[in-house]
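I have placed the structure first, in the form of structure tokens, so that the comments after it can refer back to it.
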Amino acid sequence: MARKRSVLYTNHLIELAHELGGRSLVWGSPRSRNIPDDVPFKRGYAWLVQLLKTSGSLGEERGVKIAIEPINRFESKIIHTAGEALSLARLVDRKSVGIVYDVFHVSLEEDSFTAPILLAGKRLAAVHVSDCNRRIPGKGHIDFRPIFRALKRVGYDGYVTLEAILGRDLKKDLIAARKDLESSM
């Protein structure tokens, strides 16, 4: 029953994104996409593949990409790296299923900031930016210039979404983040 609800919910989100003119749906919440402890990994993973095949079909019809987000090992039991997300996307084998590049999670799980982008290539469906401490770009030590060069190299033309902890002065932080990112492009 939970599997059926997951498919219905994902399809509902795809329909909503379509109605709102959205191009992608990030599939990343660790709670919603983890395999329950009482389910053997192989079986649970097969369920994830089936969910993404079913919802990916609807995504193709509606022009909405499902972007699998690799999440660090401290927050999720599965899909920690771009390679793992890409393997899942390839198993699903739908044009509408790609992956997310999230700078924060990459900083914890990958050996390089640019290799995951180059690996994902045309399967890159969404990009989330924050600095290494989850604050706005410029409040940590990440150099975003190589990241944006790699995005250009693979021809990424989707959204780059700020997913960061903001301070008390939201406007000031948003302006600073935009300025920092634009200087990196």
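The values are calculated or read from the model by the stated rules, or taken from the named source; none is laboratory data. In this text, all values refer to a predicted model and were calculated from it rather than measured experimentally. Virtual Cβ from ideal backbone geometry, glycine too; neighbours counted across all protein chains shown.
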Check: Given the conditions (1) assigned to a loop (DSSP other than H, G, I, E, B); (2) of a type outside the set (Val, Ile, Thr); (3) farther than 18 Å from Asp102 by Cβ, and given that Arg5 satisfies all but one, which numbered condition is not satisfied?
Finding: (1)
Item checked: Subset of segment 18-38 [more than 19 Å from Asp102 (Cβ to Cβ) and either in contact with a helix residue (DSSP H, G or I) (Cβ under 8 Å, 6 or more places away or on another chain) or not aliphatic (A, V, I, L, M) (or both)] -> His18, Glu19, Gly21, Ile35, Pro36, Asp37, Asp38
Check: Quick one: what pairs do we get from segment 72-87, first residue within 16 Å of Phe41 (Cα to Cα), second exposed (fewer than 15 other Cβ atoms within 10 Å of the Cβ), C-beta under 6 Å, 6+ apart or different chains?
Finding: His80/Arg73
Notebook entry, point to check: Somewhere in segment 20-41, is a residue within 17 Å of Val127 (Cβ to Cβ), among the β-branched types (Val, Ile, Thr), crowded, with 18+ Cβ neighbours inside 10 Å and touching a residue at least 60 places away in the same chain (Cβ under 8 Å)?
Noted result: yes
Notebook entry, point to check: Are any residues in segment 76-89 at pLDDT below 95 and over 22 Å from Val160 (Cα atoms), and if so, which ones?
Noted result: Ser76, Lys77, Ile78
Next item on the list: Could you please find all residues in segment 138-159 being at pLDDT below 95 and in contact with a strand residue (DSSP E or B) (Cβ under 8 Å, 6 or more places away or on another chain)?
Entry: Gly158, Tyr159
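Each row is one residue, and each column tells you yes or no for (1) surrounded by fewer than 13 Cβ atoms within 10 Å (Cβ to Cβ); (2) within 16 Å of the chain's Cα centre (by Cα); (3) within 27 Å of Glu84 (Cβ to Cβ).
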site	(1), (2), (3)
Ala115	no, yes, yes
His128	no, yes, yes
Ile147	no, yes, yes
Lys152	yes, no, yes
Asp169	yes, no, no
Ser183	yes, no, no
Next item on the list: Could you list all residues from segment 42-57 that are surrounded by fewer than 21 Cβ atoms within 10 Å (Cβ to Cβ) and under 19 Å from Ala2 (Cβ atoms)?
Entry: Lys42, Arg43, Gly44, Tyr45, Ala46, Trp47, Val49, Gln50, Lys53, Thr54
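Name the residues in segment 89-109 that are under 13 Å from the mean Cα position of the chain (by Cα), among the hydrophobic types (A, V, I, L, M, F, W, C) and under 17 Å from Leu52 (Cα atoms), would you?
Across segment 89-109, the qualifying residues are Ala89, Val97, Ile99, Val100.
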Note to self: If the requirement is being within 13 Å of the chain's Cα centre (by Cα) and either assigned to a strand (DSSP E or B) or more than 15 Å from Arg90 (Cα to Cα) (or both), which of these qualifies: Ile35, Ile66?
What the structure shows: Ile66
